[in-house]
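Visitor: Just dropping this structure here.
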Amino acid sequence: MTTPTTTAVDLTGQTKNLLLATWAFAISFWAWNMIAPLGVRYTEILDLSSTEKSVLVAVPVIVGSVGRIVTGALTDRYGGRVMFPILLVASAPFVVLVAVAGNMESFPLLLLFGFFLGIAGTTFAVGIPFANAWFTKDRRGFATGVFGAGMGGTALSAFFTPRMVDWWGYTTTHVLVAVALVATAGLVRVAMTDSPAWSPNNDPVVPKLAAAARLPVTWQMSFLYAVAFGGFVAFSTYLPTYLKDVYDFGLTEAGTRTSGFAIAAVVCRPIGGVLADKVGPRVVAAVAFAGAAVMAVVLTFQPPTEIPAGLSFVLMAGFLGIGTGAVFTWVAQLSPPERVGAVTGIVGAAGGLGGFFPPLVMGATYNEAEHSYTIGLLLLCLVAAGALVFTLLGIRSRPRRAAR
């Protein structure tokens, strides 16, 4: 009679902790994406060039990417219940400082505080090993897919941040998000628990990262995730600027459409994880990269608003979302259990860095005379096509042996 009770408790723990981790990820991603939805505002106030606004939007991605290497390894040692609150609290002051810099109309300070705002983006490397430990291997695609849906924090930011600025003011908006980060940290600390199946890995961080770096799966998945998640991050952060330049949308209009893009990717990420559990991550990732390559070509023709353009961006988001879910299902299946955090940190860093460079490329290749991003989109097509070929041919059919 004790078995059903134990199972029920386990299921309850799985659901509660997965939802808590997903929310913590979502609110931290909202904070990580505080600058991009207001990019049009900063451009007008500070009279930024195309390159300057690209740099401003991309800078938070640096720490949010590279920092995942360290936070992933630390999660192997301390667990999600410790790491989530630390990162959430550490991010809150920089949300407010970004507002201070904006009020001072200081581009250098915006860059500085935006850089440290990237701390909020490191929570991804905490949540993946945390969720993995709560679920069996055959359900980790589902678990990482649901947790990955927390990247919808970018959609929340794109939709609500410009509106909150209109409703309550620029400074108040940043203070409210900072308060939400601290409140979530308290909730997580009180209500979250690490999985009974999880045990601390107390190996020194540097050798642990070196061991993860020696696994072929780490670098194989890093490349694929850099394309899939990097594409999502790049579009989510740069799309408001893109829509302003190409379609002449205002701040709120661009933010609304960017949130739709992010929601489509968020919805499709768990779908990608579940499909990868059923038919294998290789097939799902291949379909995702092929679709992204095709949609990049379609977008070069600048389909007219609303439905043709909207549908094109939604399909692009869907393919990228499915791809992120499939790639991290692959990571969860192939990584040694004691190295999941370290591998996740490196792969997550690659994904974030994959989102850092495209905005810079888009800004550098923007044709102001024709209001066109054709060159940047064609480069995206080539990269996605390369990822497709690597997915099909570059990873051995039995990579577990290599990982071992």
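The values are calculated or read from the model by the stated rules, or taken from the named source; none is laboratory data. Note that the coordinates shown come from a computational prediction; the quantities given were computed from them, not determined experimentally. All Cβ positions, glycine included, derive from the backbone under ideal geometry; neighbour counts span all protein chains shown. To get the accessible areas, we keep the full protein, side chains included, count just its heavy atoms, and leave off ligands, DNA and RNA. Shrake-Rupley method; radii C 1.70, N 1.55, O 1.52, S 1.80 Å.
Visitor: Looking at (1) farther than 21 Å from GLY355 by Cα; (2) in contact (Cβ under 8 Å) with a residue 12 or more places away in the chain; (3) open to solvent by 20 Å² or more (accessible area, probe 1.4 Å); (4) among the β-branched types (Val, Ile, Thr), find the lone condition where THR75 falls short.
Guide: That leaves (3) as the condition not met.
Visitor: Also: Could you check, for the stretch 37-57, whether at least one of its residues is basic (Lys, Arg), over 21 Å from the mean Cα position of the chain (by Cα) and more than 29 Å from THR256 (Cα to Cα)?
Guide: Looking through the stretch 37-57, none of the residues is basic (Lys, Arg), over 21 Å from the mean Cα position of the chain (by Cα) and more than 29 Å from THR256 (Cα to Cα).
Visitor: Sticking with this structure for a sec: How about the stretch 346-381: which of its residues are within 20 Å of MET295 (Cβ to Cβ), without any contact (Cβ under 8 Å) to a residue 40 or more places away in the chain and small (Gly, Ala, Ser)?
Guide: Selection gives GLY376 alone.
Visitor: Based on this model, can you work out whether ALA293 counts as in contact with a Cys (Cβ under 7 Å, 6 or more places away or on another chain) and either closer than 23 Å to ALA332 by Cβ or part of a helix (DSSP H, G or I) (or both)?
Guide: For ALA293, the condition - in contact with a Cys (Cβ under 7 Å, 6 or more places away or on another chain) and either closer than 23 Å to ALA332 by Cβ or part of a helix (DSSP H, G or I) (or both) - is met.
Visitor: Let me ask something else. Of these, ALA293, ALA285, which one is closer than 16 Å to VAL314 by Cα and not β-branched (Val, Ile, Thr)?
Guide: Only one candidate qualifies: ALA293.
This table checks each residue for (1) modelled with pLDDT under 85; (2) touching a Gly at 6+ places or on another chain (Cβ under 7 Å).
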site: ALA228; (1), (2): no, yes
site: PHE235; (1), (2): yes, no
site: TYR242; (1), (2): yes, no
site: CYS268; (1), (2): no, yes
site: ILE307; (1), (2): yes, no
site: PHE313; (1), (2): no, no
site: GLY323; (1), (2): no, yes
site: ALA326; (1), (2): no, yes
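Visitor: Same structure again: If we only count helices (runs of 4 or more DSSP H) wholly inside the stretch 20-139, which ones have 3 or more residues that are under 29 Å from ALA254 (Cα atoms), out of contact with any strand residue (DSSP E or B) (no Cβ under 9 Å at 6 or more places or on another chain) and among the polar types (S, T, N, Q)?
Guide: It comes to 50-78.
Visitor: Consider LEU187 carefully, then state whether it is open to solvent by less than 10 Å² (accessible area, probe 1.4 Å), under 23 Å from ASN33 (Cα atoms), aliphatic (A, V, I, L, M) and at pLDDT 85 or above.
Guide: The answer is no for LEU187.
Visitor: Here's another thing I want to ask about it. Determine if the stretch 126-138 includes at least one residue that is under 26 Å from VAL63 (Cβ atoms), modelled with pLDDT of 90 or more and among the polar types (S, T, N, Q).
Guide: Looking for residues that are under 26 Å from VAL63 (Cβ atoms), modelled with pLDDT of 90 or more and among the polar types (S, T, N, Q), one finds none in the stretch 126-138, hence no.
Visitor: Return the total of residues in the stretch 354-376 being crowded, with 21+ Cβ neighbours inside 10 Å and touching a Ser or Thr at 6+ places or on another chain (Cβ under 6 Å).
Guide: 4
Visitor: Exactly one condition in (1) modelled with pLDDT under 90; (2) among the small types (Gly, Ala, Ser); (3) surrounded by fewer than 17 Cβ atoms within 10 Å (Cβ to Cβ) is false for ALA90; which is it?
Guide: In the conditions (1) modelled with pLDDT under 90; (2) among the small types (Gly, Ala, Ser); (3) surrounded by fewer than 17 Cβ atoms within 10 Å (Cβ to Cβ), ALA90 misses (1) alone.
Visitor: Among the listed residues ASP194, ASP203, which satisfies the condition of being assigned to a loop (DSSP other than H, G, I, E, B), within 23 Å of the chain's Cα centre (by Cα) and not small (Gly, Ala, Ser)?
Guide: ASP194
Visitor: Looking at THR324, THR329, which is the one that is among the hydroxyl-bearing types (Ser, Thr, Tyr), in contact with a Ser or Thr (Cβ under 8 Å, 6 or more places away or on another chain), closer than 18 Å to GLY348 by Cα and surrounded by 24 or more Cβ atoms within 10 Å (Cβ to Cβ)?
Guide: Result: THR329 is the single residue among THR324, THR329 that is among the hydroxyl-bearing types (Ser, Thr, Tyr), in contact with a Ser or Thr (Cβ under 8 Å, 6 or more places away or on another chain), closer than 18 Å to GLY348 by Cα and surrounded by 24 or more Cβ atoms within 10 Å (Cβ to Cβ).
Visitor: State which residue is most open to solvent (accessible area, probe 1.4 Å) when the search covers only the stretch 266-285 and only residues that are part of a helix (DSSP H, G or I) and of a type outside the set (A, V, I, L, M, F, W, C).
Guide: LYS278
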